[in-house]
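*Asks:* Pasting a structure below so you can have a look.
The values are calculated or read from the model by the stated rules, or taken from the named source; none is laboratory data. All of these numbers come straight from a predicted model, not from anything done at the bench. Please note: Cβ atoms are built from the backbone with ideal geometry, for glycine as well, and neighbour counts cover all protein chains shown. These accessible areas exclude ligands, DNA and RNA; they are computed on the full protein's heavy atoms, side chains included. Shrake-Rupley method; radii C 1.70, N 1.55, O 1.52, S 1.80 Å.
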2 protein chains.
Amino acid sequence: MDKAPNEIETLITQLARLPGLGPRSARRAVLHLIQRRDMALRPLLAALERVAQSAQTCACCGNISNLPLCEICCDPKRATGEICVVEDVADLWAMERGAVFKGRYHVLGGTLSALDAVGPEDLRIPDLMARVQAEGVREVILALGATVDGQTTAHYIADALSGLGLAVTALAQGVPMGGELDYLDDGTIGAALRARKAF
Amino acid sequence: MDKAPNEIETLITQLARLPGLGPRSARRAVLHLIQRRDMALRPLLAALERVAQSAQTCACCGNISNLPLCEICCDPKRATGEICVVEDVADLWAMERGAVFKGRYHVLGGTLSALDAVGPEDLRIPDLMARVQAEGVREVILALGATVDGQTTAHYIADALSGLGLAVTALAQGVPMGGELDYLDDGTIGAALRARKAF
């Protein structure tokens, strides 16, 4: 139990529900905010208000944006005929930080999961099929996690896209940058060996 | 660099400045908030607004409260003639969670520190001296950290209070609840041995 005043306790409870924060770090964060009212509390409040007002899901790709269509979908330079399929918005941001992909995205909103009863119609897979045909897509890049559910979803989408005459590719698997072989799991080493390239 | 839209990037930057959060956990938290607008974002926004409007420092003890005088200073049952001196509000909350102390508090706002050039007048030590005389205090309990700066501060306050005819005590040092001797540092074991009690 916190012994802070009610309003402050409510704020601690709300903050403690965020992923990565618990009651103890939420208390520290709230004290930090209150003791730095002008430098921390007011800017955070203003930023949160703006996001609450403006953030919305892009009607086309499922990205989060301030506009009905996100900046990537609005950018004509990114109409490269390539769509990169990702599980969620965090993965889209991660791809954008990589700064290699120049096409557009499609956010599924999760992966197929028999355990959690997530089927194709619970994800944005029908939307993807519609986009592929409407936008004249040449290549679909499956950037899904190397997990059982991620790979199940990748296979399902590849099957659904087969026969449409477009390339379906997936991210390469192998040794990560800066990775030491000694610390890698056997599956990754095996995959990297099978996918070896001329040096 | 984040590739999120500007408003969202600003919010991530603000959240990442909180103690215990970094850019990665701030991104996760912001996505969590946006994807749960009604369940998480709006309640957090409302809680933050209320705290921004109402939180203030208690004019008497330095606690954080919604009132000019905090709930503890306003409670006549807590006028026990005991004042517990703590470094900061987090320590006051920790004492209150302990639920043993029934008197009032005095928050110093830090510790004396030669390195950081923090002197007695930078803390609320003059206020403490004034309170002790005005409120007819019988006992001052020094609940300061067992650090060099904490103990320096405790000695300074004990010196300043000497000759006023009141008891000056400090928290006991010893084995913490659930603590195993094997994992305790030598200083704690020595202190616990010197302070041993009849069983």
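*Asks:* Quick one: what are the phi-derived ³J(HN,Hα) couplings along region A:117-124, Karplus 6.51/-1.76/1.60 with θ = phi - 60°, whole Hz, x for glycine and proline?
*Replies:* 6, 9, x, x, 6, 7, 9, 9
*Asks:* Follow-up. Which of the three applies to region A:6-54, rounded, prolate or oblate, going by the alpha-carbon gyration tensor with a ≥ b ≥ c and a/c under 1.5 meaning rounded?
*Replies:* oblate
*Asks:* Also: Residue by residue, what Karplus-based ³J(HN,Hα) values in Hz, rounded to whole numbers, does region B:17-22 have, using 6.51, -1.76 and 1.60 with θ = phi - 60° and x for Gly and Pro?
*Replies:* Taking θ as phi minus 60°, the curve returns 7, 5, x, x, 10, x Hz for region B:17-22.
*Asks:* Summed for both chains, how many Å² of accessible area, to the nearest 100, are buried between A and B with a 1.4 Å probe?
*Replies:* Values: alone 13420 and 13380 Å², together 21830 Å².
Interface between A and B: roughly 5000 Å².
*Asks:* Determine the distance separating the Cα centre of region A:163-199 from the Cα centre of region A:7-78; give it in Å without decimals.
*Replies:* Computed from Cα coordinates, the inter-centre distance equals 36 Å.
*Asks:* Something else: Roughly how crowded by other chains is peptide B:9-22, in terms of the mean Cβ count from those chains within 10 Å of each of its Cβ atoms?
*Replies:* The mean count of partner-chain Cβ atoms within 10 Å per residue comes to 6.
*Asks:* Pick from A:22, A:98, A:165: which is most flexible by mean-square fluctuation in a GNM of chain A where alpha carbon atoms under 10 Å apart are linked?
*Replies:* Its mean-square fluctuation being the largest, the pick is A:22.
*Asks:* So for each of B:45-56, B:172-183 I average, over its residues, the number of other beta carbons within 10 Å; can you give me the resulting order with the highest mean first?
*Replies:* Sorting B:45-56, B:172-183 by mean packing, highest first, produces B:45-56, B:172-183.
*Asks:* Every other copy gets compared here: list the nm distances from the residue B:78 label point (7 Å along Cα to Cβ) to its counterparts, shortest first, one decimal.
*Replies:* 5.3
*Asks:* Can I ask one more? Dividing the Cα radius of gyration by the Kirkwood radius, what Rg/Rh value follows for the protein assembly as shown?
*Replies:* Rg divided by Rh gives 1.12.
*Asks:* Here is a follow-up. Ordered shortest first, which distances in nm separate the 7 Å Cα→C-beta label point of residue B:98 from those of the other copies?
*Replies:* 5.3
*Asks:* Once amide H atoms are built 1.01 Å from N in the peptide plane, which residues 5 or more positions from residue A:64, or in another chain, come under 5 Å H to H?
*Replies:* Placed amide hydrogens put A:58 under 5 Å from residue A:64.
*Asks:* Can I ask one more? How much FRET efficiency would the formula 1/(1 + (r/R0)^6) give for residue A:186 and residue B:37, where r is the Cβ-Cβ distance and R0 is 56 Å, rounded to 0.05?
*Replies:* After rounding to 0.05, the efficiency reads 0.85.
*Asks:* Return the long-range amide H neighbours of residue A:80 (sequence gap of 5 or more, or a different chain), with a cut-off of under 5 Å between placed amide H atoms.
*Replies:* A:104
*Asks:* What distance in nm separates the simple spin-label points at residue A:156 and residue B:194, each placed 7 Å from Cα in the Cβ direction?
*Replies:* Between residue A:156 and residue B:194, the label points sit 6.7 nm apart.
*Asks:* Still on this model: Take every DSSP beta bridge whose two residues both sit in the protein assembly as shown, then give the antiparallel share in percent to the nearest 5.
*Replies:* Of the beta bridges lying entirely in the protein assembly as shown, close to 20 percent run antiparallel.
*Asks:* Okay, next question. 222 nm [θ] for chain A, helices only, -39500 (n - 2.57) per DSSP H run of 4+, per residue, to 500?
*Replies:* -12500 deg cm²/dmol
*Asks:* Report for region A:64-198 the percent antiparallel among DSSP-assigned beta bridges with both residues inside it, nearest 5.
*Replies:* 10 percent
*Asks:* Pop a pseudo-label 7 angstrom from the Cα along the beta-carbon direction at both residue A:134 and residue B:102 and give the gap in nm to one decimal.
*Replies:* With each label placed 7 Å out from Cα toward Cβ, I get 7.1 nm.
*Asks:* Residues of B:61-67, mean number of Cβ from any other protein chain within 10 Å of their own Cβ, rounded to a whole number? Walk me through the numbers before you get to the answer.
*Replies:* Details: counts 0, 0, 3, 7, 4, 4, 1.
Average neighbour count from other chains, rounded to a whole number: 3.
*Asks:* Suppose we look only past 24 Å in the calculated P(r) of chain B. What percent of the Cα-Cα pairs does that tail hold?
*Replies:* Above the 24 Å cut-off, chain B has 57 percent of its Cα pairs.
*Asks:* Excluding residues on the same chain fewer than 8 positions from residue A:77, give the aspartates and glutamates whose Cα lies under 18 Å from its Cα.
*Replies:* Answer for residue A:77, where 18 Å is the Cα cut-off: A:96, A:135, A:139, listed by chain and number.
*Asks:* Mind listing P(r) for region A:110-199? All alpha-carbon pairs, 10 Å bins, whole percents.
*Replies:* Final binned percentages: 14, 38, 28, 18, 2.
*Asks:* Using θ = phi - 60° and the Karplus curve 6.51 cos²θ - 1.76 cosθ + 1.60, what whole-Hz ³J(HN,Hα) does each residue of region A:72-79 get, with Gly and Pro shown as x?
*Replies:* Result, rounded to whole Hz: 6, 5, 7, 7, x, 5, 9, 7.
*Asks:* Calculate, for the protein assembly as shown, the solvent-accessible area per residue in square angstrom, rolling a 1.4 angstrom probe over the heavy atoms of the protein chains.
*Replies:* Counting only protein heavy atoms, the per-residue value for the protein assembly as shown is 55 Å².
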